[in-house]
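Derivation of every value follows stated rules applied to the coordinates shown; laboratory data play no part. Keep in mind that this is a model prediction, so the values were computed, not measured. Reconstructed Cβ throughout: ideal geometry from the backbone, glycine too, with neighbour counts over all protein chains shown.
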Amino acid sequence: MLRSPPPGSTTIAEALLTVDNLHVYYGGIHAVQGISFSIESGAIATLIGANGAGKSSTLRALSGIVPAAPGSRICFDGQDITNAPPHLIVAAGLCQVPEGRRIFASMSVEENLLLGAFARENVSRAELDHVYTLFPILAERRAQSGGTLSGGEQQMLAIGRALMARPRLLLLDEPSLGLAPLLVSEIFRILAGLNQTDGVTILLVEQNARKALATAQHGYVLETGRVTLSGPCAELLADEGVRRAYLGE
Ligand SMILES: Nc1ncnc2c1ncn2[C@@H]1O[C@H](COP(=O)(O)OP(=O)(O)OP(=O)(O)O)[C@@H](O)[C@H]1O
Ligand SMILES: [Mg+2]
């Protein structure tokens, strides 16, 4: 069950998501070591960091896919969702586009999209058409099996599937992975549009730090499970250490 925060708790008024002291363990591996951050409603935030820094683990804990250790607290839209069942988290409006896309290979494009709406009772044709408007290639391929789509098309399908859940907060794990530069720009353009036009709040995890910092307003740098730096993206882009470590300068 989702729980309301205890009286007197310190939820930031305008924050849609507040993460407080999040820890994730895999057996003896302490992958996320007490990170705290918040995302304002309507914002785009990004989590950047090297391989193994704990970015995916953080997103998985937010979605309820891996357990958050005792003492961790995740608050979404005023409700404590720490370790809530994943389907209730999706129903509350927090949806993830997972690393590696996780398309259902033998199902059609349209069936994959409809699965995105599993937590909802009524799905209208207009909602499917909205996704097809955003990603016209998916409309052309609607009857094709998901597994035969190209990498870029699968990424679009994964984003479209998440949109079918009508997210208020969209978590994206490496949406640019393996895509050609033109397609990366297209995906980021669509994400910015979703944010501005549809008001979807976004948490973006990216290896492509330059693109992520150019798209988001606020960024967090994760190193071996800890937030070591955070601030407005313009400041992070100007930071010597960030430029050397993540922008290859
Ligand atoms: N299921 C698992 N079992 C054991 N260890 C895991 C598991 N998943 C992740 N880890 C470990 O936790 C740490 C953080 O992994 P995570 O996938 O969160 O990193 P990441 O920042 O997303 O990295 P990348 O940029 O490579 O995707 C790594 O050391 C990883 O080996
Ligand atoms: Mg990852």
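Computed from phi, the 3J(HN,Hα) profile of the stretch 147-159 under the Karplus parametrisation 6.51, -1.76, 1.60 (θ = phi - 60°) reads x, 9, 6, 6, x, x, 5, 5, 5, 4, 5, 5, 5 Hz, with x in place of Gly and Pro. Anyone know which of Ala69, Ala126, Ala192 comes out most mobile in the 10 Å Cα GNM of the chain? The residue that fluctuates most here is Ala126.
Considering only Ala209, Ala61, Ala234, the Gaussian network model of the chain with Cα springs below 10 Å gives its largest mean-square fluctuation to Ala234. When each of Val109, Val19 is scored by the number of other beta-carbon atoms lying within 10 Å, the sequence from fewest to most is Val19, Val109.
Between amide H atoms placed 1.01 Å from N, distances below 5 Å from Glu223 occur with Thr228, all of them 5 or more places distant or on a separate chain.
Close amide H contacts of Gly34 (hydrogens built in the peptide plane, cut-off under 5 Å, sequence separation of 5 or more or a different chain): Leu22, His23, Val24.
What is the stretch 34-107 by shape, rounded, prolate or oblate, if you read a ≥ b ≥ c off the alpha carbon gyration tensor as root eigenvalues and call it rounded for a/c under 1.5, prolate for a/b larger than b/c, and oblate otherwise? Each step should come with its number before you reach the end.
On the way: a/c = 1.43, a/b = 1.18, b/c = 1.22.
Because its axes are fairly even, with a/c under 1.5, the stretch 34-107 counts as rounded.
Given the Cα-Cα distance of Glu140 and Glu121 and 0.36 nm per residue of separation, how much length would full extension add, in nm?
Values: separation 19, 0.36 × 19 = 6.84 nm, distance 2.64 nm.
Fully extending the segment from Glu140 to Glu121 adds 4.2 nm.
Put a dot 7 Å past the Cα of Gln217, heading toward its Cβ, do the same for Glu111, and the two dots end up 4.1 nm apart.
Here the 3J(HN,Hα) profile of the stretch 55-62, calculated from phi with Karplus coefficients 6.51, -1.76 and 1.60 at θ = phi - 60°, is 5, 5, 4, 4, 4, 4, 5, 4 Hz, Gly and Pro shown as x. Applying the Karplus relation 6.51 cos²θ - 1.76 cosθ + 1.60 with θ = phi - 60° to the stretch 211-218 yields 3J(HN,Hα) values of 5, 5, 6, 6, 8, 7, 9, 10 Hz, where x marks Gly and Pro.
Beta-bridge orientation, the chain: approximately 55 percent antiparallel, per DSSP, counting only bridges with both partners inside.
So for the stretch 15-246, averaging the separation of alpha carbon pairs under 8 Å that are six or more residues apart and normalising by length, what relative contact order in percent results?
Relative contact order comes out at 27 percent.
Considering only Glu14, Glu206, Glu140, the mean-square fluctuation computed in a Gaussian network model of the chain, springs between alpha carbons under 10 angstrom, is largest for Glu140.
Cβ crowding within 10 Å, taken as a proxy for footprinting-reagent exposure, orders Lys55, Lys211 from fewest neighbours to most as Lys211, Lys55. In this structure the amide hydrogen of Asp80, modeled in the peptide plane, comes within under 5 Å of the amide hydrogens of Arg3, Ser4, none closer than 5 places in sequence on its chain. Here is how the number arises for the chain: DSSP H runs of 4 or more residues each give -39500 (n - 2.57), the sum is divided by the residue count, and the result at 222 nm is -10000 deg cm²/dmol.
Which shape class, rounded, prolate or oblate, goes with the stretch 152-249 when its Cα gyration tensor gives a ≥ b ≥ c as root eigenvalues, a/c under 1.5 marks rounded, and past that a/b bigger than b/c marks prolate?
Numbers: a/c = 1.96, a/b = 1.58, b/c = 1.24.
It comes out prolate by the Cα gyration axes.
With the Cα gyration tensor of the stretch 102-194 giving a ≥ b ≥ c as the square roots of its eigenvalues, does the rule (a/c under 1.5 for rounded; else a/b larger than b/c for prolate; else oblate) give rounded, prolate or oblate? Oblate, because a/c is 1.5 or more while a/b does not exceed b/c.
Rg/Rh for the chain stands at 0.96; both radii use Cα atoms, and Rh follows the Kirkwood definition.
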